[in-house]
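Trainee: First the structure, then my questions, so here it is.
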Amino acid sequence: MILKETKILAPCGILGYGFPDTSFRRGLDDNPDAIIVDAGSTDAGPHKLGAKTAIVSRMAAKKDLKRIIGGGIEKRIPVIISSAGGSGGKEHVEWTLSIVQELFIEENWPSVKTAVIWADIPDKAIVDAMDKGHVIPMGENIPPLTKEKLMQTTGVVAQMGYEPILKALEEGYQLLIVGRAYDPAPFAALGVFKGHDLALSYHLGKVLECGALSCDPGTTKDCMMGVLGDDYFDVYPTSQTRKCTTLSVAAHTFYEKDHPYILHGPGCVMDLSMCTFKEVDKNRIRVQGSAIKPSDGYWIKLEGARKVAYRTFVVAGVRDPLLIRKIKEVEVLVEESVREQYSEIDPSLYTINFFNYGIDGVMGELEPLKDVPHEVCVLFEVLASTQEMASALCASLRSTFMHYGYEGRKSTAGNLAFPYAPSDVEFGAVYEFSVYHLMKVDSPLAFFPIEEWHAR
Amino acid sequence: MERLVDLAKMIRSKNSGPFLITLDVLFSEEKNYRRVKESGVINKETIEKAYHLSPGQLLDIVFFDSALGVKITYERSISSGTIGDRDVYGAQQHGPLMEILIP
């Protein structure tokens with residue numbers, strides 16, 4: 001049996017990053033069977049998940065959602081917003097829903113059968129799984145999860161596979177606002193829903209979840225079309241100016257993962273080692289040979305963050321060549337002085353860090369180059385258990401550094417050029433990924449409830 | 001001898017999740033890819049030295065012929081975005097790799 005081709009339009013790599021109207025219009029005019037966008041990432045660090053904030057502005061998310069959902073309504077095709085709000089937790093999904101609701105009212109859109117799929121994992125379920133030995137770290141540099149750490153975590157989400165999204169599609173939902181999901185999962189769900197091979201659908205999802213990043217030049221801020229066929233999938237940019245080559249698509253299979261052709265997903269392992277990439281038309285690349293097999297047990301990836309400190313920081317410039325030559329030495333002395341000035345505070349309650357941009361700000365101890373620059377940007381910070389303590393100690397650090405009389409100093413009026421007044425910036429809470437573990441589940445659907453949602 | 005950066009079309013670093021950094025080197029010409037692969041210079045010792053990695057921190061060096069690329073993955077000493085991290089996205093850790101000399 002020859003399957004009808006299925007076209008999926010991916011407007012951009014992250015919801016809120018934007019895409020050109022012309023590319024999107026060309027994509028819509030090409031009659032896709034669905035529009036799917038991945039809104040999520042852990043790339044920006046643990047803060048968004050821990051503090052329950054979004055990774056893009058509300059304005060940016062709304063601008064994209066208006067065009068994407070509007071396009072879906074115009075074409076009467078399903079729209080999937082995956083890992084809503086960036087981290088895909090309850091608050092992130094609710095933030096997305098509030099924007100969608102506003103749009104339905106402002107745009108006077110007709111009702112669309114809408115589902116929310118939640119991805120929050122209750123602590124109790126995790127503790128039960130821990131007791132059975134069903135929670136393991138994602139890697140050897142991740143400590144085992146403890147109950148204490150779990151309690152300090154502000155909420156745990158898990159990446160769902162394609163299965164809960166497929167179920168919602170089978171139930172007839174046209175607009176899906178999905179919590180945390182494995183990035184390629186919504187694309188795989190749509191492919192399987194239309195009768196296509198799971199391996200090809202997942203692999204297509206791996207390409208499309210980044211928008212036009214598999215083009216040359218690549219970008220997450222432009223649209224890409226994926227076409228699933230019998231034993232192949234094709235991709236092409238909908239922009240007329242962007243190129244897509246066998247190399248650019250093959251190279252994309254490398255992106256942001258630990259192995260070039262083995263990918264571990266929820267309940268599955270993909271093997272892309274036998275894939276072939278060929279140009280079937282100008283700018284249209286065909287991929288074949290993607291393989292997938294079930295993993296040993298169905299494991300979902302848990303993600304959670306906890307607050308570890310409060311930060312206050314200062315950015316300053318140093319132009320004095322005498323200070324630049326011995327800056328690290330001086331920084332050690334400045335820190336010692338502050339610790340003496342506040343000897344009544346337990347030294348383990350706070351941390352002082354210096355980053356010397358121009359010397360080794362990016363690489364730290366890994367920096368192989370030893371050139372002495374003519375100016376240095378010094379970023380220094382205090383991390384403490386309260387914001388008040390961080391700010392008090394940082395003020396002391398700043399004034400001590402500013403006036404520190406290091407040996408050989410000739411510039412006795414001040415050591416630092418502050419670009420701003422005030423110089424000290426209260427950053428707020430600092431988080432860390434406290435949960436990044438796999439949890440074994442009985443069913444791919446177990447922790448991802450589907451709920452009908454009404455905009456009005 | 002030529003530097004890796006002069007032979008490759010793309011050299012980049014990026015997080016692979018918050019606890020790993022992955023380095024990609026991709027080539028546009030098969031002869032350059034073959035030269036680098038067959039030189040044997042991109043090996044465990046070279047990478048551990050360039051990135052000051054302790055034993056066990058380097059997870060994998062994999063050449064992938066059909067994409068003309070090599071991927072190197074190692075464990076971060078500090079996870080992304082927490083205290084002491086200098087590169088939240090891990091996007092600027094490719095410098096030492098660029099300078100590696102290929103015979």
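The values are calculated or read from the model by the stated rules, or taken from the named source; none is laboratory data. Since this is a predicted model, take the numbers as computed values, not measurements. Here the Cβ is made from the backbone with ideal geometry for all residues, glycine too, and neighbour counts use every protein chain on show.
Trainee: Determine which single condition A:Thr312 fails, assuming it passes every other condition in (1) more than 14 Å from chain B (Cβ to nearest Cβ); (2) within 32 Å of the chain's Cα centre (by Cα).
Mentor: Failed condition: (1).
Trainee: Determine which member of the set A:Val235, A:Val280, A:Val269, A:Val249 is surrounded by fewer than 20 Cβ atoms within 10 Å (Cβ to Cβ), within 21 Å of A:Ser23 (Cβ to Cβ) and of a type in the set (A, V, I, L, M).
Mentor: A:Val280
Trainee: Kindly evaluate A:Thr53 against the criterion of being part of a helix (DSSP H, G or I) and among the hydroxyl-bearing types (Ser, Thr, Tyr).
Mentor: Considered against the rule, which asks whether it is part of a helix (DSSP H, G or I) and among the hydroxyl-bearing types (Ser, Thr, Tyr), A:Thr53 comes out as no.
Trainee: Follow-up question, since we're still on this one. I'd like to know if segment A:3-23 contains one or more residues that are more than 21 Å from A:Gly172 (Cα to Cα), without any contact (Cβ under 8 Å) to a residue 60 or more places away in the chain and charged (D, E, K, R).
Mentor: Within segment A:3-23 (the criterion being more than 21 Å from A:Gly172 (Cα to Cα), without any contact (Cβ under 8 Å) to a residue 60 or more places away in the chain and charged (D, E, K, R)), the answer is yes, since at least one residue qualifies.
Trainee: Okay, moving on. When you scan segment A:315-354, how many residues do you find that are without any contact (Cβ under 8 Å) to a residue 12 or more places away in the chain, under 37 Å from the mean Cα position of the chain (by Cα) and not in a helix (DSSP H, G or I)?
Mentor: Residues in segment A:315-354 being without any contact (Cβ under 8 Å) to a residue 12 or more places away in the chain, under 37 Å from the mean Cα position of the chain (by Cα) and not in a helix (DSSP H, G or I): 1 in total.
Trainee: OK, next. Pairs, please: C-beta under 8 Å, at least 6 apart or cross-chain, first residue away from chain B (no Cβ under 11 Å) and in segment A:425-441, second hydroxyl-bearing (Ser, Thr, Tyr) and not in a strand (DSSP E or B)?
Mentor: A:Glu426/A:Ser391
Trainee: Then there's this: Mind checking which pairs have a first residue in segment A:154-178 that is under 22 Å from A:Ala305 (Cβ atoms) and crowded, with 22+ Cβ neighbours inside 10 Å and a second that is of a type in the set (Asp, Glu) and modelled with pLDDT of 95 or more, Cβ under 6 Å, 6 or more apart or different chains?
Mentor: A:Val157/A:Asp120; A:Val157/A:Glu303
Trainee: Within segment A:207-228, track down each residue that is in contact with a helix residue (DSSP H, G or I) (Cβ under 8 Å, 6 or more places away or on another chain) and either within 11 Å of another protein chain (Cβ to nearest Cβ) or not in a strand (DSSP E or B) (or both).
Mentor: Residues satisfying the conditions are A:Val207, A:Leu208, A:Glu209, A:Cys210, A:Leu213, A:Ser214, A:Cys215, A:Asp216, A:Gly218, A:Asp222, A:Cys223.
Trainee: Conditions first: (1) over 17 Å from B:Lys44 (Cα atoms); (2) buried (at least 18 other Cβ atoms within 10 Å of the Cβ); (3) touching a residue at least 60 places away in the same chain (Cβ under 8 Å). B:Gln92 passes all but one, so which condition is the exception?
Mentor: Against the list (1) over 17 Å from B:Lys44 (Cα atoms); (2) buried (at least 18 other Cβ atoms within 10 Å of the Cβ); (3) touching a residue at least 60 places away in the same chain (Cβ under 8 Å), B:Gln92 comes up short only on (2).
Trainee: So which of A:Lys124, A:Lys113, A:Lys147 ends up being at negative phi and either touching a residue at least 40 places away in the same chain (Cβ under 8 Å) or buried (at least 16 other Cβ atoms within 10 Å of the Cβ) (or both)?
Mentor: The conditions single out A:Lys113.
Trainee: Answer yes or no as to whether A:Pro78 is buried (at least 24 other Cβ atoms within 10 Å of the Cβ), over 18 Å from A:Val235 (Cβ atoms) and over 19 Å from the mean Cα position of the chain (by Cα).
Mentor: It is true that A:Pro78 is buried (at least 24 other Cβ atoms within 10 Å of the Cβ), over 18 Å from A:Val235 (Cβ atoms) and over 19 Å from the mean Cα position of the chain (by Cα).
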